[in-house]
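Enquirer: Here it is, the structure in full.
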Amino acid sequence: MKRTLLLFLLLSATFFTGYATRISGTVTDDKGNILPYSSILVKGTTRGVTANNEGRYSLDLSPGNYTLTCQYVGYARQEKKITLGEEAQKVDFTLSLQQLSMAEIVVRPGGEDPAYAIIRHAIKKRKEYEAPLDSFTCEAYIKTLIRTRALPSKFLGKKLEDNDRKDLGVDSAGKGIIFLSESLTKIAFKKPDKVKLEVISGRESGSNGYGFSLPTFINFYNSNVTVFAEQLNPRGYISPIAESALNYYHYKYLGSFFEDGKEINKIQVIPRRKYEPLFSGTINIVDGEWRIHSLDLLLVKTAQLEILDTLQIRQIHMPVSQGVWQVKDQVVYFSFKLFGIDAVGNFLNVYSKYEETPRFRKKYFNNVLMKFDTAANKKTKAYWDSVRPVQLEPEELKDYKIKDSIYEYNRDSMGTKKNRDSLLKQQGPVTFGQVVWNGFSRSNFNPASPFRYSLEALLPNMGYNTVEGLNANIAGSLIRPFKKGGGELVFSPHIRYGFHNTHVNAWGSLSLNKNSSMNEVGDRRKGPRSPEERRKSGKKLDEDETPGGVRLNSTSQSWSLSGGKRVSQFNPANPISEYLNDFYTLFLRRNYMKIYENYFSELKVDQRYDNGLHFTVNALYEDRIPLNNTTGYSLIKGSNRDFTPNYPFEQLSAPFSRHQAFLTGFNVQFQPGQRYVEFPDRRISLGSKFPTFALAYQKGWEGLLGSDVNFDKWQFSVWDETNFKLKGLLRYRFSIGGFLNTNSVFIQDYQHFNGNQTFVASEYLNSFQLAPYYSNSTIANFYATGHIEHHFNGFLTNKIPLFQRLNWHLVGGSNAFYVNRDNNYVEVFGGLENIFKLLRVDVVASYLNGHYGQTGIRLGLGGLLGGNIQGKK
């Protein structure tokens, strides 16, 4: 029976394939200019293809009579009737500019342009068309192309060698394709907001990757339009048919044309003001139905576009059933010049196979937003030729051929002696400059027994303070990856020497780090291991279980054991960096950093799950030794300013006495509602719309291992951010906590509020920019802290001429803590960020115990680039 069925399937495939005939052609305008990414559709169906960047297309159809329609935004649609036999046909299209009729339109001087009435109708119908179907499925073919027009000779200080350009796939002038991918994704939607993406296939030139598989949904029926990632503009962009669109746009009626008996109104969209998140271009509205027919809209720098210089969106909508239209084709063109890189590219999305009444299995919509088929990146060339609705261009074919060949050669030769020798040669010997200034990392490139080691640069790790004088720090790492199971064993040694107090501190840590991508169901539940066995036993597959009998549950785990003798700040959060303390000590005679030595040993376990749960458990022993200032040297001569003692003198009248402390603690964080991208072998969390909650507890054990401490303290925190789009981004962090037991508490174990007495801003949302470092430290049974800041992201400043051109943004907020009536603090701040995309400047005013304290200026990192940079703490 199986052989008969197999024979039938083979014969069927041969029959239907043998009688498919190919139609191909080119789309140009009446002057012979190519019209890239034109839409070709079989009239009366939703079947069609899209021309490539050279205007070429191909379409396979069974023999019969058809009417082909060709569309391009701004051009009159053309129809051609064909009779298709067994021989291939060539059908070219020549489109003419859309001839617009304005015969019946009379605009009196001072009267309103008729475009406004059309837009008002479209705005009224917006909600109806925003999600016209209760549910649907469709397929999206996605092709992404990025090519460079020029590259710098150096990038981030590193010279781009010929080999680097070769690896990128560009020529000596820096021109060429640097990224090419295509994918086929099934999209499922169900009201009100359930979405699931299933990647059927994906490929990326020169790798085994899945390519860019996420459809670029750009819905202009939404009042606030998100274009790709929020980094392009976290405020979003205002749709030309948004509820408030008339306050932001001018409109001009350009005329109308007819298609299938429907009148289409062409309207020019003109921003009322520069430096607002607004589109310009044209939008075509179906008369009477007031829906979008097609559009061609542009974003530029003066529309608050970040990173990119230009971004153009073209869409063609089509009817998929009676009264329901959806996007058929969408092309997004972009260009940017950044760090000397001049690049252009496009994202092409072709939507097809719309189904309006799909039946979804129970719990089909779960916390997995995007799922990759197990064979998604293993498809053959023949497969792609059969499903691709857009012909590849010669340059793209060449890119696939060359880069895929190089990838296969490198993959096959990996681990060979020749390949290893080549990699070792490229790595080169360790140089004096690397040891002193840059640091270095080296690998043995031996897949059978891999090993890596590194050393941090010596000179940048030199420091100066009043306790050690000049100090040198040597730090490195030895890493042994595991061949099986993933993970690695890391040994990190540290040596610190103070040239003035002649103390040597040496410590190290040994860490076992492991990432786990999947757990077998049978192992966890002691039940049948395979899905087939589970079904036979009457048990159903769970939602996160694959057909292979594997539950995807990505986790990361780290076990670390550390010990030795080290130098620590009294506040374990290290509120001031050593670099800043070096500067203030040498140039301003301010020794803000207070340190002590300790012999220590610590065992720490850190576990992170992809469901948003993260916990840390540790046990720490310290033998704490006080340190005194040994030098008063600074580069400022003749100053009467004295250095302060090397202990928190606001809390202590003399150095603390040497003592021992044995501490245990845990920290649990959880962010519910995680959503995931699920690959065949792992899951990646995309985050959640809910806040993160954290609970921390620490106990000091008196008498255990000679410990002198006896206390219990706790803290509960919650933090999150909310994007109000046009009105900006709000971030907050609130905490409460206190001591349950204070029988024996030393200064190191107090609750410290992270202060800052330097001009450089400390960590936002977790510190107090004008508060002293230790004046307000406490062992109270209750305290509360709050941090809140609002990033306006161009709101308001886009009305100020200078700021709108510079694209500087307002930021404001407050930090506060409360212990009791005699120990409370509030500071308010306002400032500017995104200065040169990197910097942030705040003016801060503080109030201590209800009375005005001081006003100061803080310089930090903030904005498009600065907000993502983490400085050394």
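Enquirer: Using only Cα atoms, find the angle between the long axis of helix 394-413 and the longest principal axis of the chain, and express it within 0 to 90 degrees, rounded to the nearest 10.
Expert: Helix 394-413 and the main axis of the chain meet at about 40 degrees.
Enquirer: Compute and list, largest first, the equivalent-ellipsoid semi-axes of region 202-361 from the alpha carbon gyration tensor, each √(5λ) rounded to a whole angstrom.
Expert: Sorted largest first and rounded, they come to 27, 24, 14 Å.
Enquirer: Please report, in Å, the Rg and the Dmax of region 223-288, where both are computed over Cα atoms only.
Expert: My reading of the Cα-based Rg and Dmax gives 13.7, 42 Å.
Enquirer: Return the Rg/Rh ratio of region 646-803 with Cα-based radii and a Kirkwood Rh.
Expert: Rounded to two decimals, Rg/Rh equals 1.09.
Enquirer: Sticking with this one: Within 10 Å of each candidate Cβ there may be at most 15 other Cβ atoms; applying that plus a DSSP loop requirement, which GluC sites (Glu not before Pro) in region 169-270 survive?
Expert: Sites meeting the loop and neighbour criteria: 243.
Enquirer: Could you work out the equivalent-ellipsoid semi-axes for region 440-508, taking the square root of 5 times each eigenvalue of the Cα gyration tensor, largest first, in whole Å?
Expert: In descending order the semi-axes read 33, 12, 7 Å.
Enquirer: Determine how many Å³ per residue the convex hull of the Cα atoms of region 203-251 encloses.
Expert: Cα convex hull per residue, to the nearest whole number: 106 Å³.
Enquirer: While we're on this one: Largest first, please: the extent of the C-alpha atoms of region 164-292 along each principal axis, to the nearest Å.
Expert: Principal-axis extents of region 164-292 (Cα, largest first): 52, 40, 34 Å.
Enquirer: Just the number: Rg to Rh for the chain, Cα atoms, Kirkwood Rh, two decimals.
Expert: Rg/Rh: 1.01.
Enquirer: So what's the gap between the Cα centers of region 561-580 and region 61-105, to the nearest angstrom?
Expert: Between the Cα centre of region 561-580 and that of region 61-105, the gap is 72 Å.
Enquirer: Where only protein heavy atoms count, and the probe is 1.4 Å, what is the accessible area per residue for the chain in Å²?
Expert: 50 Å²
Enquirer: Still on this model: Does anyone have the angle between helix 417-427 and the longest principal axis of the chain? Alpha-carbon axes, 0 to 90°, nearest 10?
Expert: 60 degrees
Enquirer: Equivalent ellipsoid semi-axes for region 132-184, as square roots of 5 times the alpha carbon gyration tensor eigenvalues: give them largest first, rounded to whole Å.
Expert: Sorted largest first and rounded, they come to 37, 11, 9 Å.
Enquirer: Roughly what angle does helix 578-588 make with the longest principal axis of the chain, taking Cα atoms, 0 to 90 degrees, to the nearest 10?
Expert: In the chain, helix 578-588 runs at an angle near 60 degrees to the longest axis.
Enquirer: Please list, or write none, the lysines whose alpha carbon is within less than 25 Å of the alpha carbon of residue 80, excluding same-chain residues fewer than 8 places away.
Expert: Reachable lysines: 31, 43, 90, 262, 266, 328, 353.
Enquirer: If you don't mind, there's one more thing I want to ask. Please work out the C-alpha center-to-center distance from region 701-719 to region 641-664 and express it in whole Å.
Expert: 19 Å
Enquirer: Still on this structure: Find the centroid of the Cα atoms in region 445-501 and in region 302-351, then give the distance between the two in whole Å.
Expert: Measuring centre to centre over Cα atoms gives 47 Å.
Enquirer: Under 14 Å from the Cα of residue 689, which aspartates and glutamates turn up, not counting those fewer than eight places away in the same chain?
Expert: Excluding near neighbours in sequence, the set is 193, 720, 721.
Enquirer: Given N residues in region 750-836, what is its alpha carbon radius of gyration divided by 2.2 N^0.38 Å?
Expert: Ratio of Cα Rg to 2.2 N^0.38 Å: 1.34.
Enquirer: At 1.4 Å probe size, with the rest of the protein present, what percent of the exposed accessible area of the chain is carbon and sulfur atoms?
Expert: Ligands and nucleic acids excluded, carbon and sulfur reach 56 percent.
Enquirer: Kindly state, as a whole number, the per residue volume in cubic angstrom of the convex hull around the alpha carbon atoms of region 283-337.
Expert: Spread over its residues, the Cα hull of region 283-337 gives 76 Å³ apiece.
Enquirer: Compute the Cα gyration tensor for region 352-466, then decide on rounded, prolate or oblate, letting a ≥ b ≥ c be the square roots of its eigenvalues: rounded whenever a/c is under 1.5, prolate when a/b is larger than b/c in the other cases, and oblate in all that remain.
Expert: Cα axes put region 352-466 in the prolate bin.
Enquirer: When averaged across all projection directions, what area in nm² does the alpha-carbon convex hull of region 119-234 cover?
Expert: 10.5 nm²
Enquirer: Given 37 °C and 0.692 mPa s, how large is the Stokes-Einstein diffusion coefficient of region 357-415 in µm²/s, with Rh as the Kirkwood radius over Cα pairs?
Expert: Translational D for this selection: 215 µm²/s.
Enquirer: Could you pull out every one of the aspartates and glutamates with an alpha carbon less than 16 Å from that of residue 362, ignoring same-chain neighbours closer than 8 positions?
Expert: By straight Cα distance, residue 362 reaches 542, 543, 544, 545.
The values are calculated or read from the model by the stated rules, or taken from the named source; none is laboratory data. Just so it is clear, the model here is predicted, and its values are computed rather than measured. Neighbour counts run over all protein chains shown; Cβ positions are idealised from the backbone, glycine included. We work out accessible area using only protein heavy atoms, side chains counted, and drop any ligands, DNA or RNA first. Shrake-Rupley method; radii C 1.70, N 1.55, O 1.52, S 1.80 Å.
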